[in-house]
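Notes for the one structure printed next.
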Amino acid sequence: MVLASRLVDSGARVSFLYPAHHESRLCDARSRPHSPEIRFVALHARDFDSAPNDFSRDFFLMPSLAQEFEQLVSSLQPPPSCLISDEVCGTLAKSARLLGIPRYILVPESASAFAATLLAPSLARDSKLPLQVARNETVDIPFIGMTVVAREYLSPYLDTFPWRADYFLEGAIEAQASDGILVNTYRELEPSILSGMVRDTCLNPHRAPVFAVGPLIPEPSSTVGSHHQEEEAEIMEFLDAQAPSSVVFVSFGTLIQRNEKDAREILSGLEQSGHPFIWKFSGDGDYVPTGAGKSGLILRNWAPQLRILSHPSTGLFLTHCGWNSCLESSSLGVPILGFPAFMDQPINCKLLVELRKAGVKLATLESFQIAEAIKEVMESEEIRRNAQKLKLAADRAPKSLDFFVDKLRENSALHYL
């Protein structure tokens, strides 16, 4: 939605296409104010009733959704200037080719993490796909000096579900053949990999142009719905009462659930650090940490993350290093304390901690290590200075989208799908 809004600001008309069975997932986005130039269009899969009711449903429905997409686009006047879709929609890439529409992919993850995905076609040519669950094969991520266990990062390519490996491989091949790659990052955050993606023939054999269009994050004031106003007011009151850059914000995203042992260690570490804190807690059982007193707030399952990170009292973000969280913290100048778990998170953590030196990585969730790491970051002028450099770079970054718009400016009526 952020990209759609920014394209509208550039003078485009945008049609936002989505599967009708995902309507509920768009409720928050559609409830926010947006330009009338953004048109929401639901695609109805004809064979939805016969689709499996599990994680494979979207894969099963893609051919049917592609047919409706082709019918819709054929009826549009003027025809769209291009299609922007995510990197795994290989089926839609074929539809765009059939209709003669340029197709660009939007990468919601870091360029460093996406580089591993672009390695999949070369792994297939070397007969290394699908990956075997029982083997610990490694993959070198180019330009950032990192080696990952292939089955942990490239889990879609495991031999557990060969059909899924084929689907994602098709998406990676079509990504390489696209008319351009839009990455939700900014150049100063990932300079080496962005340059490498343009010239490396293994990652980008067709030399598709690469556009750094991030950070694609909404304005902090636009993220809170009316049903959370009272909770937000309490949080802002707490932050307003704290000293500048003194508060630790803790959130491990929406997927990671902390068990009771981890939760007790985290709470103890926060208390030992001597810093006020806000913790968005998601647990895997009945246990809920209590006893924070006046030194902290413990929130259940929801927090206005952007509002908290943008507040001048926030000085540190203890995070799982999901890419949205990394983008938000870096673009707002907040150092991180990283505790990555899986998928792209270790790569993102390495990027901010080792390459940009804007944080520290936690080895364990033991309370004394948490307390010591908090003190280390809070007392480091170098880490704070590096975090502020990323913020200044992010403030300049939205202009990068102009390069992409200019490429399509030759069309008198810009219309993106």
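The values are calculated or read from the model by the stated rules, or taken from the named source; none is laboratory data. In this text the structure is predicted, and so the values were computed from the model without any measurement. Methodologically, a virtual Cβ is constructed for each residue, glycine included, from the backbone with ideal geometry; neighbour enumeration extends over all protein chains shown.
Odds and ends about this structure:
- Being farther than 30 Å from residue 101 by Cα, outside the structural domain of residue 7 (by TED's automatic domain parsing), surrounded by fewer than 20 Cβ atoms within 10 Å (Cβ to Cβ) and without any contact (Cβ under 8 Å) to a residue 40 or more places away in the chain is a description that applies to residue 162.
- Among the residues of region 254-274, those that are over 13 Å from residue 371 (Cα atoms), of a type outside the set (S, T, N, Q) and touching a strand residue (DSSP E or B) at 6+ places or on another chain (Cβ under 8 Å) comprise 258, 260, 263.
- Within region 334-379, being buried (at least 18 other Cβ atoms within 10 Å of the Cβ), of a type in the set (D, E, K, R) and in a loop (DSSP other than H, G, I, E, B) holds for 344, 356.
- Test: residue 73 is of a type in the set (Val, Ile, Thr), on the phi < 0 side of the Ramachandran plot and out of contact with any helix residue (DSSP H, G or I) (no Cβ under 8 Å at 6 or more places or on another chain): no
- Answer residue from region 67-94, given it is in contact with a Phe, Trp or Tyr (Cβ under 9 Å, 6 or more places away or on another chain), of a type in the set (A, V, I, L, M) and modelled with pLDDT of 85 or more and is surrounded by the fewest Cβ atoms within 10 Å (Cβ to Cβ) among those: 84
- The combined condition, being in the same structural domain as residue 242 (by TED's automatic domain parsing), buried (at least 18 other Cβ atoms within 10 Å of the Cβ) and part of a helix (DSSP H, G or I), is not fulfilled by residue 316.
- Flag if residue 387 is surrounded by fewer than 24 Cβ atoms within 10 Å (Cβ to Cβ) and either in a helix (DSSP H, G or I) or out of contact with any strand residue (DSSP E or B) (no Cβ under 8 Å at 6 or more places or on another chain) (or both): no
- Sole exception among (1) buried (at least 22 other Cβ atoms within 10 Å of the Cβ); (2) in a strand (DSSP E or B) for residue 321, by number: (2)
- Some residue of region 229-249 being within 25 Å of residue 114 (Cβ to Cβ) and touching a Gly at 6+ places or on another chain (Cβ under 8 Å): no
- In region 253-266, the qualifying residues are those that are in contact (Cβ under 8 Å) with a residue 40 or more places away in the chain and hydrophobic (A, V, I, L, M, F, W, C), and the one that is nearest to residue 366 (Cα to Cα) is 266.
- Filter result for residue 40 (in a helix (DSSP H, G or I) and either of a type outside the set (Val, Ile, Thr) or touching a residue at least 24 places away in the same chain (Cβ under 8 Å) (or both)): no
- Test for residue 23: is it crowded, with 17+ Cβ neighbours inside 10 Å and among the acidic types (Asp, Glu): no
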